[in-house]
Every structure is written in C-alpha cells, then in structure tokens.
Amino acid sequence: MKLLKPSWVNHNGKPIFSVDIHPDGTKFATGGQGEDSGKVVIWNMAPVLREEDERNENIPKLLCQMDNHLACVNCVRWSNNGLYLASGGDDKLVMVWKRAAFIGPSTVFGSSSKLANVEQWRCVMILRNHTGDVMDVAWSPHDVWLASCSVDNTIVIWNARKFPEIVMTLKGHTGLVKGLTWDPVGKYIASQADDRSLKVWRTMDWQLETNITKPFSECGGTTHVLRLSWSPDGQYLVSAHAMNNSGPTAQIIERDGWKTNMDFVGHRKAVTVVKFNPKIFKKKQKNGSTPKPSCPYCCCAVGSKDRSLSVWLTSLKRPLVVIHDLFDKSIMDITWTLNGLGLLVCSMDGTVAFLDFSQDELGDPLNEEEKNAIHQNIYGKSLAITMESQLSSTIIENPEMLKYQQERQGNQNPNEAQGIGPENQTPKLTNVLNGESLEDIRKNLLKKQVETRTADGRRRITPLCIAQLDTADFLPALFNSVPILPGSSASTQLTPQISSDSSTANSLGLRPSHDPTTTSPNKTSHFPSLSTNTFSFSGLSCSGTIEPMKALDSRFTERSKAMPGVTSVPLTIVVLWFCLRVKDSSSVKEPKGKDETSSDSEDKIMVKSIAKRKGEMEGAEVVEKRKKGRPRKDAKTMPFPQVTFLLSKDAWISKSTDGAFSEGGFTVSTDGVTYLEVENEVSVVSGSRLSQLKWSREGREWDVLLPSRIIIAAGSSNVVAVACEDRTLSVFTACGRRLIPSIILPVPMSALHCSGHFVMALTASAMLSVWDVQKQTALVKNESLNPILSGTDATVSQSFLTQQGVAVVSLSNGKTYCFNSSLETWNLIADKQDSLVQCTDFRNCVSAQDALGSMGPLALTQGRNLSAGRLASRLSSTPHHLQQGMTLAFLEKQLSSALILLSASEYRHWLLIYARFLVNEGEAVREGQCHCSQG
Amino acid sequence: MAKVQVLNVAVLDNPSPFRNPFQFEITFECMEDLPEDLEWKIIYVGSAESEEYDQVLDSVLVGPVPAGRHMFVFQADAPNTGLIPESDAVGVTVVLITCTYRGQEFIRIGYYVNNEYTDPELRENPPVKPDYTQLQRNILASNPRVTRFHINWEATMEKMEDSENVDPAPNAMLPPTSMPGKAPPLGLMPDNSMDCL
C-alpha cells in the first residue's frame, strides 16, 4: 500500500467535508468551506496517481472551482454516468452541476486564487425543498433518483429524470439525517440520523422497511456526518457511528432479516464514514498453488472521529490496515476509485489523503460478469444490473431501465447531439458576433452599447449578449422527448413552394409533413412504405369555367399551359399532418396510383387537410378513429396540447384510375371526445353510391346518409358542414338535423371550416364565403382571393375561421390576411418578412401575466415571429429612436389587427403593452389617444 | 443561489488623470431571464474615516437581461472634488461597484484606488490644497475584493403564484413553434346549446 497526501488539494486551509472520485477516474470533486461561501472544487486525478504528472506544470491540477453555494458544502457526489455532480450544503440547497459546453477558461472573479478554471461546470439545477442544511446526497443506481437528507429530519427523493420534481419526501426520522446509501440492487435506500436510528426504506412504495435502533441506543454525542454504506453485493449494510458495549463500532446489518450480529470494532471514537469498495474480490491465486474455490469477499473502509482510517476485508476477522494520525481532525468522507485499488479520504483539517493498494493486498477484483453472476445468484436476473456495460444485454424490466438504456445509447454521441459530453467540447458561441471578434466589440463597447433614459430620467444600458446559455440545460434529448407535435410543426413547416406543377415536386413537397411523425424512431417502422407509397396531392387549380373534376385533372398536365391564360389563381392546400396514416384498404391501389400519378393525368390521389378553429376545449386531442375491419389497429391518440386553437383534422380522399373514390373514410374530431367519421360508398342503392357521415360525442351519436361522396367535413360545437363531390354543401346542427337545404357551389370545395355558427368555405376557384347559419346570412359572399394572390407565386398555406366569424387566410409567402366584411376589404394582419417585427423591443412592457392575452387568432398567425424579433433586437445595434419608432409602429399594427380580428383578449393584451410602452418612452401625444381608445 | 454571477470586471482607462470618468467593463452571466433590470452603482469612498463622504458617482439600470453571458461598460464621472476632504484627496481610497436586483444588493466589488501626483516634485511637497489636475488615479485592478450577499431573487410568493396560474404552459421542453396556446374563452357557448335547434 502506498500513501500520499497531495498538499495541493486543499481549500486554503478550510475544512473539506466531502470527496468523490468521478466514475471515469480522471477527476475528483471536493466540497467544503470557501472564503465566505461554500466551495466545490474539481481536481485532476492524474497528478494524484502519478508523480511525473504532479511535477509536470502543463498538467492542470485544479480543473474548476465553484463558489456558488452560499454556505459550507457538506457533500459532493458524481452521478453514476459521470455527467452530473450533485452538491448539498448548509444553504439548504442541492445543486446539480453539468459541464458547460460553450465557454473557455475563466477564473472565479474576485477569488484570491488566480488559477483559471480549465473546465467549466455550471449549475444547471437548484433543488430547493429542504428547510435545513443538506448533509448528504446520493444518486440511485442508474441515476434514476437523487436522494438528499437534511437536518430538517427529512429525506427528499428527487426525480433525476425531471428535476426539480420530487418523487417523495421520506419522513420518519426524529433527528438530523446525516447519511444516505442506496442499495446497489435498487430496492432500498438506507438513512442514518442523530435520532439513534438507521432506517431502511423501500423504493417500491417509499415506505419504511425496517427501523434499526438497538445498536445505536447507546450513541451519545454527535458526529458531523453519518455516512453509511451498502456492500456492492447488496448483502450487507454498514452503519456509521454505532455502539457495542460502550465501544464505538460500525454496525454490520445483514440484508437477510436485517440482523445486526456483527460489527467493525476498534475505533476509539465515533465512526463518521463507511465506504464499501465498488469491487467484489476473490483470493489472489498464488503461482503454483492449486486453484481452490474461495468465497468472494468485499472490502470496506471506515473513517472515524479518532482521525484514523481502517480498511477491512469481509474475509478477514481483523482489519487489513489501520492508519492512525493521518489527519489532524476527524475524517469526513471516503471515496474509492472505480477499479477498487485507490482510495481518497478527506478530513475536517482541510487535507486529503490517497491510498493506493495493489492486487496482492486486496485480491483479484471480480470482473463484471462474475459480479453479475453473484447478483444473479442472489437476486435473480432481473435485479442483476450493476454496471452500465451490462445494461445492453439485460432484460429491460421497467421504463426506467429502458430510458436509461436509451440514454446510454444516446450518450454514445453526446457531443454532437447535446454538447454535454465531457470531452471535446466545442464552444457554442465563439468569440465572434456578427463577424466581429470579441476584442473588436470590446474596443467599441462603450460607443456601441445601447443606452437609453427611462421615463424618470435614469440611465438604462442594454447589455451586449456575448453568449447565450446552451438551453439543452439539464435534460438530454431523450428526457424531453415530448414528441414533436405534428400539427404544430405543420403549420410552420408546410407553407411554401408546394404549388409547383410536376408531380415529382409534389411528392417531394409531401416529405416535410412526414418528418414530424417520424421523429419518434419506433413510429418509423409503422410506415415502411414511406418511400414507395409516395402520395402526391394536388393543389387545386381551376378556372371557373372548367368542369371541376377536369380542372383537377388538368393540374398535372396542363397547368403550365393553362396558367398564364387563366385568370384564376392556383390554390394549394397544404397537407397538414398524418397523411401518412394511409388507410390500408386503399393501399392496394396506391402503388398503381403513384405510378400513374407521375405519368398519367387521369389519376390523382388527393390529400386534403382541414384546419378548424376550435375555441372551446383546451388540451384537446385529435383522435383518429379507424374503421372496422382495418387490419392495423394502431390508431393513436395524438397528443395535441398546443394547437388547441387550431384544431387540425385530416381528411382523406383517394381516387383511383377508374374515377371511383376508394373507400375513403376519414374522421374529423372537433374535440377530445367528438368524432366525425365519413365513410364513402357505404352501400350502393340502385346504382347510386351512398356516403355516410357519423357523428359521436360522449356516447351520443347520429349519422346521415348523403347521395354523393363526401370530400370535406368540418364541425364546431354548434354545426357540422359537409361538402360533397357533387358540389353541394350540407349543414347540420350538432344534433344531426339538417339546417338548410344543400347549398350548391359553383366549383368543388377546397377548404371548409366551422366555428360557432359560422361556416367558411374556400372553393377551388379561390373564392371565399362565410355564412352565419343561425341567422342565415352571408357575412362574406363569394369574395375572390385574387387581390391577395395576384402578383405573387404564393399559395394558400393555411386558413381558418375565428370564433367571431372572421375568415383568415395565410399564404405561403408568410403573409396573413383576414377579410373584413364591413369594409369588404382584405386586410394584412401578419407578415413574417415584416422588418418592423425584427426590430421591435417591447420586452420590458410585457409581464408574465400577459401571456394569456397574447393567445388568439393573431398570435396563431404570427406565431413565434414575435420572439424572434425580440431576439434580433438584443443583438442588433439599431439606434434607439429608430427602434422606438419601429416598436410603436409595430404595436399599433398589432392593435389594429387584433381589432379587425375581433379578438378581444388580444386587443387588450396589445393595448396594455402599447400603453406601457408609451408611458415608458414618454410619448405624451399618443398616450392621450390611447386613453381615448381605451375609453 | 445567485442568478447573476459577475465573471469579470475590466478596469478601463487605468491609470488615468483624476478627472477622467471611471470606466468598468463588466461581464456577467445570468442563469435565467430576469424580468426586472439590474441596478449598478459606482460609489467613491471620499474618506476612509466616514461613510459620510461616500459619493454615488452614478447608477445605471441594465436590462433586459436574458439568460446568457453579457457585458457592458459602466462609465461614471469622476467624483465631485468639493465633497472630498482635502486631507484624503491624495493617498489610498476605495471605489465600490455594487449591483442590486429588486432593491437588494447581491454583490459588492471593491477596488483600492491610489491617487498620487505624477510630478516627483509635487509628490515630495504636496500642496496644501490638492491640485486635482495633477493627480493621477490608479485603480488596483488586479485585486478586487468581492463580497456576495444572499438575496431573494424571486418576486414575492404571491406574485409567483399568480404568474403560475396565468401562464400554465411555459413548457421549455416544447418547441417554440407550437406555443400559440389556448384559445381565449370568448363567446363561449355551452356545448349543448344547439341541441334545441
């Protein structure tokens, strides 16, 4: 055994309360008292292990120091995967640290040490719950949970997958809880407290498994910590401070029946810390001697207030080694290297000692298979996962394990994905901003920085953002893998350029809409036919005079010819989402359809989507209901929490070469429990094919039969509208009564929306109509989209109807218009290219409470553009007065847009911001006007 | 834990004539978006004897402060010499940079400042009335004294709850594109209101 006290590992003489070696063995952390705060230091392990590295000045010793804890740090622990470091301190906080990806070396400003931090560790999570000093923290096997214990007598189990979620608070101790250890099998967690008890808790239900008090009843006095430990085979739990016959001991507790028959004796004062070697050993086979089977054993280090350290092998009755007077004060913490041959000990006196054992002394460490075999023997296979390397070959029994395994796989390339890997970190934001180096910026910072005066005449400086925090933050991608919502992405993704005429382009154009659904890997397998069954869909282009279906046909062959001469404008309705959800019944025809789509003008497979306004329900889901007899029953409930405003529905129509609609059933849901299902060709009665529309909500349902094939259906809570192939539009009440006789349309329907009592129809000839079916009046009568479409190549990317019956049409060029029926004009309400949007800054006029008001039709059309503008404003160096002017103009635009959309909450929202902005900037004239308009 | 960490303060234009403005280039990191501005102050300690002679040279609001690393230059005019005791004009004093958030000071950075005449003759025989035009100010930039204070970074509890109630889904895990949120309950009709039609 070799012993080393690396004097350079110190906290400037202040106590070191905790030490922990990183799982990869390259570094270790210490925690303790800093100058006027708590301190966590990460050290390089190499100079401890090798003398030449210690002498080599090019090898840094100190990697990073963090003085963020406000008071003494009592415990530092690396997560098992080595990505995180948890620290707990007297400031009642647990902090979780992650290596930052984006910055180079820096010093802790103002610290007396001038050493640069070689690695950057950043606090990614602060866990607040304890009401007293945190004494110990412990990561569960596989880092599923993080436990912390405190002098507030509680133990908090944090969900390490979803910080800062608390899984459970374990209450029961009546004294300061000073030590924690997880069962390596993961079934229990044990805690030891000043109340003279050691408690074992089940992780299954977080209830008390056993309460052991007998060995502790004599315990008097207090120790700073009571760090207990569980043996790597899970069979023994060894406590800190216990008493036997008035002598201090470390009590051995057997897993089997929690028997307390054995203890480690010999220390003269209370045992503060016990730490098992992570390895299980077997006797070293001497050369020449016959290999005889020997029982594997464990190794355990015990540290005490008597300043001495003892190392025990469970196969020996006496300690392997006892080292006295290693420190001037109590031993506080012990950590083993992962290979089991090295040991770091820290003391209240502020020093650290390293012990290096040889295999001759400890024995042959079992390899992981052997260790696993032992676990298998004792606990059965399911529990025998102790090492990461095992995980891939182990049966996955629970979601945590699955998650963990995925995480491991994900972490194979952590750097590319998340930038969280400890090695080869690329600075995320380089020292270059807009082509300027940081040095250049610094030279001119004083001149360039934006300084304004607030209303009360104070100087206000807008700081220059030189680096944005990597927002990946705590959670690796897998953790926040809320599936990317198809509906939501569709609205932004699917806008442009699908109007091109070639069918190949169509099939390409469809691709983006696949992506959202295929982001989840296991879903991909459901759609193996993705590339082969490429469904093209057609935009509808049609001149009023052409017979409708012909017009559709002409799309593929004649459009290029037809277009220049035809006055009507191409109108493309973009597939919103899950067009992948191809009906199996029609898939037989699909390959054929596809082939011919590219060659033959006669056939087409048309996919349409309908976006429908839905204002009543939040958190609605679109439920796709499949028809009976479909082989695939993988109908999914699509999580749809965000696009609650715009509820998407899918409509599906396919047409085969013979001109007959395939059995194109589609469903439309108007809220979580309402289904609208359409089935074409339900039955053939005397030569005419009947279609059926089914409506059901909460067990109530009705259906109607229609004489023609249904191409689009839409519904609101009040009405249901159905457009058929024979150019009729039928409107029903929500209870299934026909409201008006079929409306005859000049051309086929292209988009249909219902909202409240309003029905909006967009025809293939780019004509818009909005009716109030309750009052039986037309709000918009056959209004052409020509004014907004002419002169551009844009196509309609989205349309919807607000609750107040205002029709809104978004184009692929990013502009959104609404039709004002009183002025009978098209009004531009949103423009994504608007330069005003880019340069506005009204951030300080927005309060958190405003968030709700900003949701509505206007926000829907403008989307995230607003936040993008704010981002730009931070980085741009637009002169202030210009920016002020632009912001004003923008806000006024928003106000009028909200007004014309009849969106009361949004109007209020923007009016408030507008008013605040005026007040802040001291614009008295307009302020008066603002008051007027408010009144 | 403090949401704002001061990473560096570079003392610009140092040493410089006494009447030159102070310039500090401050780099700080913020862990999350701050809803309110930071307030920075430069305080010149006129006399070590008494706080009475402390002068706030300037105070400035800094914002908006989103999460990330930021820098700015804080420039403030030289102290009003009329307020400095004549006996303390030459020699060592202190300049303080403080930062407050919601009215609570969380960091105080102190620098020693040495004011001395550059002219050896004046240095030997300083005039009774200090000649500020000849004084040079030298800030001991290499040795800042940093004191940190624990403050409450959050708004009052009540306010926090409010914002939580109002804004139910600032869910960072969702893509920003999908944030339109929920529809306002305008003109909301009970679902069954049409049943009588």
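Any read-out appearing in this document is the output of simple, stated calculations on the displayed coordinates, not a laboratory observation. What you see is a predicted model; the values in this text were computed from it and never measured. No Cβ is skipped: glycine too gets one built from the backbone with ideal geometry, and neighbour counts run over all protein chains shown.
Summary of computed values
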| quantity | calculated |
| --- | --- |
| Relative counts (whole %) of C-alpha pair distances in segment B:4-148, using bins that are 10 Å wide | 11, 41, 30, 13, 4, 1 |
| R0 of 56 Å, Cβ-Cβ distance A:Leu316-A:Asp36: FRET efficiency to nearest 0.05 | 0.75 |
| Estimated FRET transfer efficiency (B:Leu83, B:Asp131; beta-carbon r; R0 22 Å; 0.05) | 0.80 |
| Number of partner chain Cβ atoms within 10 Å, mean per residue of B:57-63 | 5 |
| Phi-based couplings in Hz for segment B:75-81 (Karplus 6.51, -1.76, 1.60; Gly and Pro marked x) | 10, 9, 5, 4, x, 5, 5 |
| From phi via Karplus (6.51, -1.76, 1.60), per-residue ³J(HN,Hα) for segment B:27-43 in Hz, x at Gly/Pro | 10, 9, 10, 10, 7, 8, 4, 9, x, 10, 6, 8, 10, 10, 9, 10, 10 |
| Quotient of C-alpha Rg and 2.2 N^0.38 Å, computed over segment A:22-77 | 1.24 |
| Average beta carbon contacts from partner chains per residue of B:38-44, 10 Å cutoff | 1 |
| Amide proton proximity set for A:Trp312, modelled H, under 5 Å, gap of 5+ | A:Cys300, A:Ala301, A:Val302, A:Leu320 |
| Cβ-derived FRET efficiency at R0 30 Å, A:Arg908 paired with A:Val704, nearest 0.05 | 0.15 |
| Derived scalar couplings ³J(HN,Hα) [segment A:41-57; Karplus, 6.51 cos²θ - 1.76 cosθ + 1.60; whole Hz; x for Gly, Pro] | 10, 10, 10, 7, 7, 4, x, 6, 6, 10, 5, 5, 6, 5, 7, 6, 6 |
| Projected label distance in nm at A:Leu208 and A:Lys282, using a 7 Å step from Cα toward the beta-carbon | 4.1 nm |
| Interchain or long-range residues, amide H under 5 Å from A:Gly756's placed H | A:Ser717, A:Asn718 |
| Cleavage-rule hits (trypsin sites (Lys or Arg not before Pro)) in segment A:16-65: DSSP loop, at most 14 neighbouring Cβ within 10 angstrom | A:Arg50 |
| Other protein chain Cβ atoms within 10 Å, averaged over every residue that makes up A:454-466 | 6 |
| Net length gained if the chain between A:Glu52 and A:Ser683 were fully extended (0.36 nm per residue, minus Cα distance) | 218.3 nm |
| Segment A:Lys775-A:Ile59, extension gain: residue separation times 0.36 nm, minus the distance between their alpha carbons | 249.5 nm |
| At most 15 other Cβ within 10 Å, DSSP loop - GluC sites (Glu not before Pro), segment A:128-227 | A:Glu165, A:Glu218 |
| Other-chain or far-sequence residues with amide H under 5 Å of A:Leu62's (modelled H) | A:Asn44 |
